[in-house]
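**Q** The structure follows.
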Amino acid sequence: MTPLEGGAHRSSSRGNRAPALDVQVKLAEIAVAIPGARIAAHSEIEVRRVIFDSRRAGPGDLFVAIHGANADGADFALAAINRGAVAIVSERELNIGVDVGQLVVPSARRALGEAASALLGYPSERLRLVGVTGTDGKTTTTHLIAAVLAADGRQVGRLSTVDIAIGDVVRPNPYGRTTPEASDLQEALRELVAAGVEDAVLEVSSHALALDRVSGCTFDAAVFTNLAPEHLDFHGTMEAYAEAKARLFGMLDSPTVKYWSRMGIVNADDPYSFTMIGASPVGIVSYGLDTPSDVMAVNLNLLPDRTQFKLVTPLGEWEIVSRLRGRHNVYNWLAAAALALGWNIDLERVAEAAEHTSAPPGRLQDIVCGQPFRVVVDFAHTPQALAATLGTLQGLGSGRLYLVFGMAGQRDARNRPEMGRLAADGTHFFIISTDDPIDEDPAEIADQIAIGAQVVGAQEDIDYAVELDRRLAIQTLLKRARPGDTVLLAGKGHEDRMLIGDRSVPWSDVQVASEILAELGFGP
């Protein structure tokens, strides 16, 4: 079945009217939304909010006791009750000496989203919800899909690593992660519904899928960008990583009926697209540059300030001119065009969106202070992303290419030598510095990166340097740059904090680079 088959559908049986934000729902009603739930006590008690952090508990709350990697939420149930919680969800009946409502569930983590969704009136069922997953390109693809939907006249909301947008009102992502915890996500979706949003585009990480942060969501489209080695410290193998991503496609098999057909969208050039297709119970729209696909791009013209290509679809061809640079961003536009094709959106809307849409903050972001060389901030923090960014910048001019980057702690250390190799092969000189070391030694991380550079013949102080003071590293290369050169600051992108030990300290590559350029005499 293709996404366009099946005709119109009836609306959700829950109705179209969402409840007011200040609601109270009986525990028995919430239990209905959680498969396998058993009411152990006080089914008629009313709750007003679903929480998972006992420190946030207040009067009338439902506390979900999640068994985490480092602590068991059941140990904090009494603390939540002492702060006003009136009911508990847990995977076993708790004897805590206090008479409160209790739900026993197969998975507390999954129940968190299901309970919050029920309490808030099933917000995702009142939206046309798009989930975007993959290793790289999720944030940009999320923004581009939202732009296409807005160009089609829809009221659009967006939740990405970078920000939350309700129409033209944008605020930074406050959650500190790509996809919020399940109860926070449901509250965010409910906010979109209350604001009159029709379509929502959600960036979905593999952690969010593996840890059920999107439980309680009804997706109408799942988009797969690509898959490359990342988070293998968490998933273990590429196969397990792919299977986590594929859960998003499996969630398209929802009993909730809406007015439109559901669909999966995959990058046919990525071999892991077959894993997504295998998990999808609905039709697939494919896109690609090299593999025959439903949506393709030809005649690519990658310019310093824009990208041009011809969009080829079963419905015709369109000339696309985008402000976004690089071959990797062509893939992101193809994903957005594939969604437009599947939902019968006039593909002229894609061309309109491309003409007016800029890249998200921290994605190939130019820092312009009147200097005669290019300074670019990019979020590239994986080998695949760094390779794409370096490839794009290598084609922008004939000058030298410099790079400052590091790698975060508590991430898959197997990527560190590969990042060093890419830096050595793709730049004229680079500096290994600090990037969110958390509880690891930044010097040890730098040594692991340097190994990859040394394997391909790079020599310290000739081809690269190690400077753990990131500000000094940036300053060194900005002083070194000459007219026509490019300095890339990679890894931090839009972020405004540096995680060092148990501290979160202010840090912005954009701000620091701008300050140093001003110190060097550039700027207004």
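**Q** Counting just the residues of the range 289-300 that are out of contact with any Ser or Thr (no Cβ under 9 Å at 6 or more places or on another chain) and assigned to a strand (DSSP E or B), which one comes out farthest from N226 (Cα to Cα)?
**A** Once the filter is applied, the top-ranked residue is N299.
**Q** Okay, moving on. Mind checking which residues of the range 11-25 are crowded, with 16+ Cβ neighbours inside 10 Å and at pLDDT 55 or above?
**A** Residue satisfying the conditions is V25 alone.
**Q** Does A79 satisfy being small (G, A, S) and surrounded by fewer than 22 Cβ atoms within 10 Å (Cβ to Cβ)?
**A** Criteria met by A79.
**Q** Also: May I ask you to list pairs of residues, at least six apart or on different chains, whose Cβ atoms are under 7 Å apart, with the first in the range 192-207 being in contact (Cβ under 8 Å) with a residue 40 or more places away in the chain and the second being among the aromatic types (F, W, Y)?
**A** Matching pairs, first to second residue: S206/Y241.
**Q** Quick one: which residue in D346, D270 is assigned to a loop (DSSP other than H, G, I, E, B), modelled with pLDDT of 95 or more and crowded, with 18+ Cβ neighbours inside 10 Å?
**A** Result of the check over D346, D270: D270.
**Q** Which one of these does A351 not meet: (1) in contact with a Phe, Trp or Tyr (Cβ under 7 Å, 6 or more places away or on another chain); (2) not in a helix (DSSP H, G or I)?
**A** Here A351 clears every test but (2).
**Q** Of the residues that make up the range 108-130, is at least one closer than 28 Å to G326 by Cα and in contact with a His (Cβ under 9 Å, 6 or more places away or on another chain)?
**A** No, every residue in the range 108-130 fails to be closer than 28 Å to G326 by Cα and in contact with a His (Cβ under 9 Å, 6 or more places away or on another chain).
**Q** Right, next: Considering only residues that are over 17 Å from R363 (Cα atoms) and in a loop (DSSP other than H, G, I, E, B), which ones fall in the range 127-157?
**A** Answer for the range 127-157, where residues must be over 17 Å from R363 (Cα atoms) and in a loop (DSSP other than H, G, I, E, B): L127, D152, G153, R154, Q155.
**Q** Then there is this: Taking the range 213-239 only, how many residues are aliphatic (A, V, I, L, M) and at pLDDT below 95?
**A** Result for the range 213-239: 3.
**Q** Can I462 be described as free of Cβ contacts under 8 Å to residues at least 40 places away in the same chain, of a type outside the set (G, A, S) and not in a helix (DSSP H, G or I)?
**A** Here the answer is yes, as I462 does meet what is asked.
**Q** Looking at (1) in contact with a helix residue (DSSP H, G or I) (Cβ under 6 Å, 6 or more places away or on another chain); (2) surrounded by fewer than 21 Cβ atoms within 10 Å (Cβ to Cβ); (3) in a helix (DSSP H, G or I); (4) outside the structural domain of H143 (by TED's automatic domain parsing), find the lone condition where C369 falls short.
**A** Looking at each condition in turn, C369 falls short on (3).
**Q** Still on this structure: Test each condition in (1) in a loop (DSSP other than H, G, I, E, B); (2) in contact with a Ser or Thr (Cβ under 9 Å, 6 or more places away or on another chain) for S286 and report the one that comes out false.
**A** Of the numbered conditions (1) in a loop (DSSP other than H, G, I, E, B); (2) in contact with a Ser or Thr (Cβ under 9 Å, 6 or more places away or on another chain), the odd one out for S286 is (1).
**Q** Is there any pair linking a residue in the range 118-134 that is basic (K, R) to one that is surrounded by fewer than 24 Cβ atoms within 10 Å (Cβ to Cβ) and assigned to a loop (DSSP other than H, G, I, E, B), with Cβ under 6 Å and at least six apart or on different chains, and which?
**A** Listed pairs, sorted by first residue: R126/A18.
**Q** Identify, from the list A387, A351, A297, A336, the residue that is at pLDDT 95 or above, assigned by TED's automatic domain parsing to the domain that holds G131, under 21 Å from the mean Cα position of the chain (by Cα) and among the aliphatic types (A, V, I, L, M).
**A** One residue alone meets the criteria, A336.
Yes/no matrix, rows are residues, columns are (1) touching a Gly at 6+ places or on another chain (Cβ under 7 Å); (2) more than 22 Å from S322 (Cα to Cα):
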{"residue": "A240", "(1), (2)": "no, yes"}
{"residue": "D253", "(1), (2)": "no, yes"}
{"residue": "M263", "(1), (2)": "yes, yes"}
{"residue": "V266", "(1), (2)": "no, no"}
{"residue": "P271", "(1), (2)": "no, yes"}
{"residue": "T275", "(1), (2)": "no, yes"}
{"residue": "V282", "(1), (2)": "yes, yes"}
{"residue": "G288", "(1), (2)": "no, no"}
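**Q** Now a separate question. Residues that are surrounded by fewer than 18 Cβ atoms within 10 Å (Cβ to Cβ): which strands (runs of 3 or more DSSP E) entirely in the range 158-216 hold 3 or more of them?
**A** Ranges flagged: 169-172.
**Q** Now for a different question. Can you pull out the residues in the range 153-190 that are under 23 Å from L62 (Cβ atoms) and of a type in the set (K, R)?
**A** R177, R190
The values are calculated or read from the model by the stated rules, or taken from the named source; none is laboratory data. Computed from a prediction, not measured in an experiment: that's the story for all the values here. With ideal geometry, Cβ positions are generated from the backbone for all residues, glycine too; neighbour counts draw on all protein chains shown.
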